[in-house]
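J.: First the structure, which I've put down as structure tokens, then a few questions once you've had a look.
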Amino acid sequence: MLIHDNWKIRWFDEGEVPDLAVADPDYTDHFWLPAKVPGDVHSTLLENGLIDHPYFGHNDQKCRWVERKVWWYRTEFAFDGKEPAKDERLELIFEGLDTFATVYLNGKELGTAENMFIPHIFDVTREIRKGRNVLAVKFSPVADRVKGKEKNYWSGFSKDRIWVRKAQYQFGWDWCPPLVSAGIWQAVRLERRKRAKIESVYARTLKADAHSAEVNVEIQVKTFVNGLPLAAEISLKNGGEEVTARASAMDGDRMEATLQIRNPKLWWTHDLGEPHLYRLTVRLMADGETVDRRETEIGIRTIGLKREDEKGKPRFTFILNGKELFAKGANWIPVDLLLGSAPESRYKHLIRLAKEANMNMLRVWGGGIYEKEVFYRECDRQGILVWQDFMFACALYPDYNRNFMENVRKEVAAVIRRLRNHPCLALWCGNNENDWLYEVGVSAGEIRTPFYGEKIYHELIPELLARLDPSRPYWPSSPYGGNDHNSQEEGDRHNWQVWHGNVEPRKFGENLGQNLTPEGVSFRNFRKDRTRFSSEFGIHASANRHTLEKYLPPGSLHLGSGELSYRNKDFHQEKGFLLMEGFTGIPKDFREYFYFSMMTQAEGLKYGVEHYRRNMPETSGALIWQLNDCWPGTSWSMIDYCLLPKASYYYSKKFFAPFHYSVEHDPGENLKIWVTNDSREKIEDTLLLEVHDFYGGRIFAKTFPVSAEAGRSAFIAELAEAEILRGCPAERAVIRLKSLGQRAEDNFHYLRNHKELDLPKAKLDVRKDPEKGEITVRTDRFARFVHLDVPGEGILFSDNFFDLLPGEEKRVKIASLDGEAVALEYLTVSAVNGTDGEEG
């Protein structure tokens, strides 16, 4: 029975009204605000018109009063079931309480909660009443609960957050403002159990190949009757095929059985095969009667992490079903600052976009949340692996405090049990950047304390994983490994030489320098990186115009605007301009800022990803920071808050493609041509390399036979600039790599930085076909960075921010993420070198 209806909320000052008075079933709450559950306080106030939208302008600062109040939720529900028998239990389950909560039923205090990340279960067998029941939940202000706590050691962005098992980014980060939420943010339900219940089911693949597989199923149970004989019936179905087993009791509350599957259909990432799922059903039996039942989808697959090659050289390569995998993807942050009200559709859209961009891995970053079930379910079904951080980021945590550690222990155990059945889950990781930044801080003399939190990542988590989920690799931190936890020689790496200007390489004990110059932050520094796995790297770009216009006050969308600047939460906002200065030149107005930041991000990420992929298998992963946004800001995201992809997203559909041609080159150098084949099969193709001037002339062309081995990158040829230019100035030429077998997307490359290109004015011709929801674009001269725009949210183009040669045409389909038709009357088509910037 879900308890989602009739909820109301109201705020009080601490001590204004006695708690038992508000919790009393007869308390008058007629004039309280109606609230949605699941949900949150801020969304409720917004819906009722009591706060302005916190994402508009500076309104987030105007609603900071919300987090200083005591918030009460109340509802009443009818219980019309039979009175519980002696061998029955009624349990009230809150899947998510944010965060310091006290729960009352019919005036009785059931208990407290102090962890946002885990469910809270209360036995209400005696407290439930037939007929009317009143449920009340009090949320205390976070600031009050951490007042007086020790905070005199390192914690980025906020000192309060280290004591609170709550989404850390809500205290503010370098891509969002602080907005400390409260509320019942996940489902509430009442469950009746008879004699016993299933506490957890753990299904893991012991071994698997194309011919056979073994799946072990472990069942944890809880009994309400002493000496009760129990058994479990297990069924694994695949269409009309079914494998069954009966579990044997181990030590009273634990059972297990191993299923033998012939000719299994393995779970693969979408780029390597089908993410096939089986239906697992477990029935708990007591004296022949079914007393509980669990159903879930599982995948049969093996996952591992290769740390050395055959010669003992360090590697960081995921192995899926025995096959080495190059991880292509991005870092995932929470989908909203107001998590409780975020719809499931937002998750589905973002994961669909990730798949369509050829991503096969998402990293759930350690300053957010253990995601909602819809996230993991969609990754299972869409064939996307998940790197799962535990929720500790950029801080020291009080591992010396017994109560804190008990809270963390419950959290880690609960999270492992909840997520371990998902085939998408590839790796557990202890924290985000804590090991690395602690050592950097100690070396600089800025941190003078022990490594608080070390016991969590290096003792508690691995101890629990060894017992609860030995099927996956564990990594203590990200980045981690080598002489500097951010070493390129071992483990994984966060490349923040680009953007932040970190001076690399460094070793333990050395200061981490910064070079904030156009050369120091340039994306061309990616080419120096020989990391084993790049788990974070990124570049800012503007949000799309519609997103900014929706959330900025009228008249403030111009370069130098305080409101526009407020969208950027990075400490040193000049970094983006330094990057643009080196590549596009410094923008003079908002139009140029939009184009130049979009282009710098897109071309910079392309440059980095292509380099990492050419270096495979020495480098085995590239996870961009970051996929999405939680509010309408200027950030590293590839998709902005209104679910409008940036230019880098459209680029990623090409540079992450399983089969891809690329050019290794910097201005003035010879060009080295490469092919990358991430598929499971050898591919034969013919590559056409051609050089065009910007007016329609082809000045060079050459074909190359290509035989690309599966899972490898290979060098094809080397050409000198002079050889291919034949007297044409480098500033007036573009190279196109074209697959004559149509195995890869066209890839354009420029011999000089964008600011040096001598681009002519291009006139675009656009033909619309509203019935088919598509347009066709032609140009008289080379058109750089052609941008299609339709006002609205969740608008998706089959391609965007593309380059177009004279005499050729591009057909683009336009749709919304919700599948609805898009009206084309407001479509605009422009290019960086368009005649007036707005053709359509």
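J.: I need a count of the residues in region 211-230 that are assigned to a strand (DSSP E or B) and within 12 Å of Asp292 (Cβ to Cβ).
T.: 6
J.: To continue, here is another question. Pull up region 607-646, narrow it to residues that are assigned to a strand (DSSP E or B) and touching a Ser or Thr at 6+ places or on another chain (Cβ under 7 Å), then point me to the one that is surrounded by the most Cβ atoms within 10 Å (Cβ to Cβ).
T.: Within region 607-646, the match that is surrounded by the most Cβ atoms within 10 Å (Cβ to Cβ) is Ala622.
J.: Quick one: in region 101-126, which of the residues that are touching a residue at least 60 places away in the same chain (Cβ under 8 Å) and among the aromatic types (Phe, Trp, Tyr) is farthest from Gln168 (Cα to Cα)?
T.: Per the criteria, the residue is Tyr104.
J.: Follow-up. Within the set of pairs 6+ apart or on separate chains, which have a first residue in region 350-363 that is buried (at least 24 other Cβ atoms within 10 Å of the Cβ), a second that is basic (Lys, Arg) and assigned to a helix (DSSP H, G or I), and C-beta atoms under 6 Å apart?
T.: Ala357/Lys653
J.: With respect to Asn59, is the statement that it is surrounded by fewer than 20 Cβ atoms within 10 Å (Cβ to Cβ), on the phi > 0 side of the Ramachandran plot and of a type in the set (S, T, N, Q) true?
T.: In short, no.
J.: Only one residue in Tyr750, Tyr826 is hydroxyl-bearing (Ser, Thr, Tyr) and touching a Leu at 6+ places or on another chain (Cβ under 8 Å), so which one is that?
T.: Tyr750
J.: Follow-up. Inspect all residues belonging to region 403-412 and state whether any of them is closer than 23 Å to Gly273 by Cα and among the acidic types (Asp, Glu).
T.: Within region 403-412, none of the residues are closer than 23 Å to Gly273 by Cα and among the acidic types (Asp, Glu).
J.: Can you run down the residue pairs with Cβ atoms below 7 Å, 6 or more apart or on separate chains, where the first is in region 317-340 and over 30 Å from Cys176 (Cβ atoms) and the partner is of a type in the set (Gly, Ala, Ser) and surrounded by fewer than 23 Cβ atoms within 10 Å (Cβ to Cβ)?
T.: Pairs that qualify, where the first residue is over 30 Å from Cys176 (Cβ atoms) and the partner is of a type in the set (Gly, Ala, Ser) and surrounded by fewer than 23 Cβ atoms within 10 Å (Cβ to Cβ), are Ile319/Gly304; Asn321/Ala208; Glu324/Gly711.
J.: Among Asp380, Asp399, which is the only one that is surrounded by fewer than 23 Cβ atoms within 10 Å (Cβ to Cβ) and touching a helix residue (DSSP H, G or I) at 6+ places or on another chain (Cβ under 6 Å)?
T.: Asp399
J.: Considering only region 704-747, how many residues are farther than 27 Å from Lys810 by Cα, touching a residue at least 60 places away in the same chain (Cβ under 8 Å) and of a type in the set (S, T, N, Q)?
T.: Within region 704-747, residues that are farther than 27 Å from Lys810 by Cα, touching a residue at least 60 places away in the same chain (Cβ under 8 Å) and of a type in the set (S, T, N, Q) number 1.
J.: Can you find, within region 34-86, the residue that is nearest to Arg132 (Cα to Cα) among those that are among the β-branched types (Val, Ile, Thr) and in contact (Cβ under 8 Å) with a residue 24 or more places away in the chain?
T.: As a first pass, look at region 34-86 and keep what is among the β-branched types (Val, Ile, Thr): 37, 41, 44, 51, 66, 70, 75.
With in contact (Cβ under 8 Å) with a residue 24 or more places away in the chain added as a condition, the list becomes 37, 41, 44, 66, 70, 75.
Working: Val37: 19, Val41: 25, Thr44: 25, Val66: 31, Val70: 26, Thr75: 10 Å.
Filtering first and then ranking leaves Thr75.
J.: Look through His485, His458, His494 and report the one residue that is free of Cβ contacts under 8 Å to residues at least 60 places away in the same chain, closer than 24 Å to Lys313 by Cβ and surrounded by 15 or more Cβ atoms within 10 Å (Cβ to Cβ).
T.: It is His485.
J.: Something else now. If you scan region 209-256, which residues turn out to be among the β-branched types (Val, Ile, Thr) and touching a Ser or Thr at 6+ places or on another chain (Cβ under 8 Å)?
T.: Matches in region 209-256: Val215, Val217, Ile219, Ile234, Val243, Thr244.
J.: Can you give me the number of residues within region 369-418 that are under 23 Å from Glu439 (Cα atoms) and small (Gly, Ala, Ser)?
T.: Summing the residues that are under 23 Å from Glu439 (Cα atoms) and small (Gly, Ala, Ser) in region 369-418 gives 2.
J.: When Val442 is evaluated against the numbered criteria (1) of a type in the set (A, V, I, L, M); (2) touching a helix residue (DSSP H, G or I) at 6+ places or on another chain (Cβ under 7 Å); (3) farther than 30 Å from Met580 by Cβ, which criterion, by number, is the only one it fails?
T.: It is condition (2) that Val442 fails.
J.: Can you tell me how many residues in region 546-582 are in contact with a helix residue (DSSP H, G or I) (Cβ under 7 Å, 6 or more places away or on another chain) and of a type outside the set (A, V, I, L, M)?
T.: 8
J.: Restricting attention to region 300-344, and to residues there that are part of a loop (DSSP other than H, G, I, E, B) and in contact with an Asp or Glu (Cβ under 6 Å, 6 or more places away or on another chain), which single residue is surrounded by the fewest Cβ atoms within 10 Å (Cβ to Cβ)?
T.: Within region 300-344, the first condition is being part of a loop (DSSP other than H, G, I, E, B), and the residues that meet it are 300-302, 309-313, 321-322, 326, 333-338, 342-343.
With the extra rule that they be in contact with an Asp or Glu (Cβ under 6 Å, 6 or more places away or on another chain), the set shrinks to 326, 338, 342.
Numbers: Phe326: 25, Leu338: 24, Ala342: 21.
Here the answer is Ala342.
J.: Go through region 712-746 and give me each residue that's surrounded by 14 or more Cβ atoms within 10 Å (Cβ to Cβ) and touching a Lys or Arg at 6+ places or on another chain (Cβ under 7 Å).
T.: Of everything in region 712-746, those that are surrounded by 14 or more Cβ atoms within 10 Å (Cβ to Cβ) and touching a Lys or Arg at 6+ places or on another chain (Cβ under 7 Å) turn out to be Ser713, Ala730, Glu731, Glu745, Asp746.
J.: A further question follows. Within region 121-128, is there a residue that is over 29 Å from the mean Cα position of the chain (by Cα), farther than 18 Å from Glu76 by Cβ and buried (at least 16 other Cβ atoms within 10 Å of the Cβ)? Working first, answer last.
T.: Just the residues of region 121-128 that are over 29 Å from the mean Cα position of the chain (by Cα), to begin with: 122-128.
Now narrow it down to the ones that are farther than 18 Å from Glu76 by Cβ: 123, 125-126.
Those left that are additionally buried (at least 16 other Cβ atoms within 10 Å of the Cβ): 125.
Taking every residue of region 121-128 in turn, at least one turns out to be over 29 Å from the mean Cα position of the chain (by Cα), farther than 18 Å from Glu76 by Cβ and buried (at least 16 other Cβ atoms within 10 Å of the Cβ).
J.: Among the candidates Thr317, Thr296, single out the residue that is modelled with pLDDT of 95 or more and in contact with a Leu (Cβ under 6 Å, 6 or more places away or on another chain). Please lay out each step first, then the result.
T.: Details: Thr317 fails: in contact with a Leu (Cβ under 6 Å, 6 or more places away or on another chain).
Of Thr317, Thr296, the one residue that is modelled with pLDDT of 95 or more and in contact with a Leu (Cβ under 6 Å, 6 or more places away or on another chain) is Thr296.
J.: For Ala701, are the conditions met, namely being within 32 Å of the chain's Cα centre (by Cα), part of a strand (DSSP E or B) and surrounded by fewer than 19 Cβ atoms within 10 Å (Cβ to Cβ)?
T.: no
J.: Can you confirm whether region 780-798 contains a residue that is more than 30 Å from Glu664 (Cα to Cα), assigned to a loop (DSSP other than H, G, I, E, B), out of contact with any helix residue (DSSP H, G or I) (no Cβ under 6 Å at 6 or more places or on another chain) and β-branched (Val, Ile, Thr)? Let's see the steps before the verdict.
T.: Our first condition is that a residue be more than 30 Å from Glu664 (Cα to Cα); within region 780-798, this holds for 789-796.
Keeping just the survivors that are assigned to a loop (DSSP other than H, G, I, E, B) gives 790-794.
Cutting the leftovers down to out of contact with any helix residue (DSSP H, G or I) (no Cβ under 6 Å at 6 or more places or on another chain) gives us 790, 792-794.
Then keep just the ones that are β-branched (Val, Ile, Thr); that gives 790.
Looking through region 780-798, at least one residue is more than 30 Å from Glu664 (Cα to Cα), assigned to a loop (DSSP other than H, G, I, E, B), out of contact with any helix residue (DSSP H, G or I) (no Cβ under 6 Å at 6 or more places or on another chain) and β-branched (Val, Ile, Thr).
J.: Within region 178-192, track down each residue that is of a type outside the set (Phe, Trp, Tyr) and surrounded by 21 or more Cβ atoms within 10 Å (Cβ to Cβ).
T.: The answer is Leu179, Val180, Ser181, Ala182, Gly183, Ile184, Val188.
J.: Oh, and also: Is there a residue in region 785-802 that is more than 30 Å from Tyr551 (Cα to Cα) and touching an Asp or Glu at 6+ places or on another chain (Cβ under 9 Å)?
T.: Scanning region 785-802 turns up no residue that is more than 30 Å from Tyr551 (Cα to Cα) and touching an Asp or Glu at 6+ places or on another chain (Cβ under 9 Å).
J.: Taking region 46-85 as the search range and keeping residues that are touching a helix residue (DSSP H, G or I) at 6+ places or on another chain (Cβ under 7 Å) and assigned to a helix (DSSP H, G or I), which one is nearest to Trp32 (Cα to Cα)?
T.: Val66
J.: Also, quick follow-up: Name the single residue, out of those in region 766-785 being more than 20 Å from Ala823 (Cβ to Cβ) and touching a residue at least 60 places away in the same chain (Cβ under 8 Å), that is farthest from the chain's Cα centre (by Cα).
T.: Within region 766-785, the match that is farthest from the chain's Cα centre (by Cα) is Arg781.
The values are calculated or read from the model by the stated rules, or taken from the named source; none is laboratory data. Values in this document were obtained by computation on a predicted structure and should not be read as measured data. A quick note on method: Cβ atoms are made from the backbone with ideal geometry, for glycine too, and the neighbour counts reach across all protein chains shown.
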